[in-house]
Amino acid sequence: MRALTIILALIPAPALAAKGPFFSLFNTDFVVLIAFLLFIGVLVYLKVPGLLGGMLDKRAETIRSELDEAKKLREEAQTVLAGYERKQKEVAEQAERIVENAKKEAQAAAEQAKEDLKVNIARRLQAAEDQIASAEASAVKEVRDRAISVAIAAASEVVASKSAAEDQAKLIDDSIAEVQAKLH
């Protein structure tokens, strides 16, 4: 009825003016009213409002189930997100531990390299000192050998000038034996 009053309110006033009595079949307004009421009656008889209500209820139930499913999916997504965030945090902590261990190992390796360098330097210094001592001993031996050679030569000249040939031969033999005993 309300729809009818709304429709009638939209129709211009001269169109509402019917000729003759209102409850006559010659009055078009009355005929339209009867046709409209019959249409509404047929719709009610065929239970169209119930069907429409059922369809709307079915649609509402479908929407409700979709909303429930969306809520479940959202909760699952939040659970998965929380799991990934937790895993990301664990991975970040593990990476931090790895970096710390790498720093400690690098520092330990640097300390070990320093110690190895000190040992290497000490070994090389010792080798250089040994070479110097060996060279010094070699030089001293060379100088001693040279001094002995010069002393023997000088002694042989002195002996040669002051002694006879037999005495010289005996002195030379004694000196050679003495030198050999001292050198070996």
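The values are calculated or read from the model by the stated rules, or taken from the named source; none is laboratory data. These figures come from a predicted structure and were not determined experimentally. With ideal geometry, Cβ positions are generated from the backbone for all residues, glycine too; neighbour counts draw on all protein chains shown.
Summary table below
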quantity: Conditions (1) in contact with a helix residue (DSSP H, G or I) (Cβ under 9 Å, 6 or more places away or on another chain); (2) surrounded by 10 or more Cβ atoms within 10 Å (Cβ to Cβ); number of the one not met by A177; calculated: (1)
quantity: Selection status of K104, surrounded by 10 or more Cβ atoms within 10 Å (Cβ to Cβ), modelled with pLDDT under 95 and in a helix (DSSP H, G or I); calculated: yes
quantity: Close pairs (9 angstrom Cβ cut-off, 6 or more residues apart or separate chains): at positive phi and loosely packed, with under 10 Cβ neighbours inside 10 Å in region 37-50, part of a helix (DSSP H, G or I) and acidic (D, E) anywhere; calculated: none
quantity: Unmet requirement for F22, which otherwise passes all of (1) surrounded by 10 or more Cβ atoms within 10 Å (Cβ to Cβ); (2) at pLDDT below 90; calculated: (1)
quantity: Test result for K141, part of a helix (DSSP H, G or I), over 30 Å from A169 (Cβ atoms) and basic (K, R); calculated: no
quantity: Residue in region 125-162 that is surrounded by the most Cβ atoms within 10 Å (Cβ to Cβ), counting only those that are among the aliphatic types (A, V, I, L, M) and in contact (Cβ under 8 Å) with a residue 12 or more places away in the chain; calculated: V159
quantity: Residue in region 110-121 that is closer than 30 Å to K182 by Cα, aliphatic (A, V, I, L, M) and out of contact with any strand residue (DSSP E or B) (no Cβ under 8 Å at 6 or more places or on another chain) present; calculated: no
